[in-house]
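The values are calculated or read from the model by the stated rules, or taken from the named source; none is laboratory data. Because the structure is a prediction, the values reported are computed rather than measured. Cβ placement follows ideal geometry from the backbone for every residue including glycine, while neighbour counts extend to all protein chains displayed.
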Amino acid sequence: MKLAGRKELVCQQMVELITDYLEGVLPRAQRRRFEAHLSGCEHCTEYLEQMRATIRLTGRLQAEDLSPAMREEFTSIYRRWRSEES
Amino acid sequence: MGLIPALAGGRLRRSKAAACDEDGELVARLRAGDEQAFVLLVSRHHAAMLRIACSFVSSTSVAEEVVQDTWLGVLRGLDGFAGRSSFKTWLLRILVNRARSTGVREHRSIAVGDVAPAVDRGRFDASGAWMSPPQHWVEDSDDRLVAEALTGRIQTALGELPERQREVIMLRDVDGLSGHEVCEVLEISEVNQRVLLHRGRSHLRQALEAEMAVLR
């Protein structure tokens, strides 16, 4: 997204810059403009919170543990490998 | 995709350094011929590997084959593992390469994915200010039903993401790899990684927003 010189950021630009902001890769001047906008915009502040909540909720997904059957499967993989090695 | 939501209190993440040390110890034991160490290593990484493999291939059974094949590759290539990157990064790289070469999705695009905006243009006025602003989320994580509905929605939305976005989200936000590690595993640039992460997260936020509107 093209950002004009020293102009203030608008909300529509904010939502596209948010990941770079969270990743800490916005150039310093841009970061300042981002934060200046945030401090005066409750909607973008809410949007930022929602992105943080999204990341948090995604981190809650977990996969199932290794089943006993799979455990046996992998033990036999190991043994097969050992026998082909020797 | 073999995911189940962990509802009570979110997931516990051990510190990365500690996890690396444990891997290192197990690898040393494995090198010394300890079969149990192999099974322990598999247990530690199996879930994440299966999840990632699932995002490359069309069925869980193919993904399982890819994972098994990866471990065989690990055993065969263990002598070549110099420890320059972490064991997990090395492991996931082998996995991703195998998953890609199974050819199940040979025609997968390597483009960055869709270029849809993070938020529908219609929600902003001509000046780019919010016209239909985001409503406050009352995220009551103590409420099991709400938590279940939200994690369920995320799972569905993850399944609907373009592959490249899903891969990055899985590694970054589900498995907790750093941006740098994701780049190494998927062999993509930092910029690409961020673009994919941004698109993916924006999609997931939209999905949650829709779910919140139903719950409200």
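Do you know which residues across the range B:23-43 are under 15 Å from A:R82 (Cα atoms), part of a helix (DSSP H, G or I) and without any contact (Cβ under 8 Å) to a residue 24 or more places away in the chain?
B:R29, B:E35, B:Q36, B:A37, B:V39
Out of all the residues in the range B:168-187, is one or more more than 7 Å from chain A (Cβ to nearest Cβ) and out of contact with any helix residue (DSSP H, G or I) (no Cβ under 9 Å at 6 or more places or on another chain)?
No, every residue in the range B:168-187 fails to be more than 7 Å from chain A (Cβ to nearest Cβ) and out of contact with any helix residue (DSSP H, G or I) (no Cβ under 9 Å at 6 or more places or on another chain).
Just wondering, is there one or more residues in the range B:184-191 that are of a type in the set (G, A, S) and free of Cβ contacts under 8 Å to residues at least 24 places away in the same chain?
The answer is yes, given that some residue of the range B:184-191 is of a type in the set (G, A, S) and free of Cβ contacts under 8 Å to residues at least 24 places away in the same chain.
Among the basic types (K, R) and surrounded by fewer than 15 Cβ atoms within 10 Å (Cβ to Cβ): is that true of B:R216 in this structure?
So B:R216 fits the description; yes.
Restricting attention to the range B:33-47, which residues are more than 7 Å from chain A (Cβ to nearest Cβ) and under 26 Å from B:E163 (Cβ atoms)?
Selection gives B:R44, B:H45.
Filter the range B:52-80 for residues that are more than 14 Å from every other protein chain (Cβ to nearest Cβ) and either under 17 Å from B:L40 (Cβ atoms) or in a helix (DSSP H, G or I) (or both) and give the result.
Residues satisfying the conditions are B:V62, B:G80.
Any idea which of A:L17, A:L9 is within 17 Å of B:F124 (Cβ to Cβ) and out of contact with any Lys or Arg (no Cβ under 6 Å at 6 or more places or on another chain)?
Exactly one residue qualifies, and that residue is A:L17.
Could you list, ordered by first residue, the pairs with Cβ atoms under 8 Å in which the first is in the range B:121-147 and over 17 Å from A:H37 (Cα atoms) and modelled with pLDDT of 75 or more and the second is among the polar types (S, T, N, Q) and in a helix (DSSP H, G or I), at least 6 apart or interchain?
Every condition considered, the pairs that remain are B:R121/A:Q12; B:W137/A:Q50.
Of all the residues that make up the range B:154-181, how many are over 11 Å from the mean Cα position of the chain (by Cα) and crowded, with 20+ Cβ neighbours inside 10 Å?
Total meeting the criteria: 4.
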